[in-house]
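Computed from the coordinates by the stated procedures, all read-outs in this text should not be read as laboratory data. Nothing here was measured: the structure is a model prediction, and the numbers come from that model. Positions of Cβ are backbone-derived with ideal geometry, glycine not excepted, and every protein chain shown enters the neighbour counts.
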């Protein structure tokens, strides 16, 4: 029987400055999920949307199911893919985000499973 290590269920301490980054990238690559950061299209709305999804289309659906509006023309959106917490410029976002390794909206963070 071929057993593959499941890093999401077996937490372990890794040493080194990049250990958290390695663990995040490893978990994300195993699950086929991608973390997206989408700049907020509305100056009166959130700074942006942090969402982990199977595809950008899936990400748009998660955002909309959480009650947020996106423009019909998605080509106007500024989108970053494979985002890591360290990549986020706004300190406020990092301090108030939810888990980035599970499918769903992690900023603005409402709760696990919201919009999924």
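Considering the Cα positions of region 30-116, please state its Rg to one decimal place and its Dmax as a whole number of Å.
Cα radius of gyration and Dmax of region 30-116 are 11.6, 37 Å respectively.
Using mean Cβ contacts within 10 Å as the protection proxy, how do 68-76, 54-62, 34-42 order, highest first?
Sorting 68-76, 54-62, 34-42 by mean packing, highest first, produces 34-42, 54-62, 68-76.
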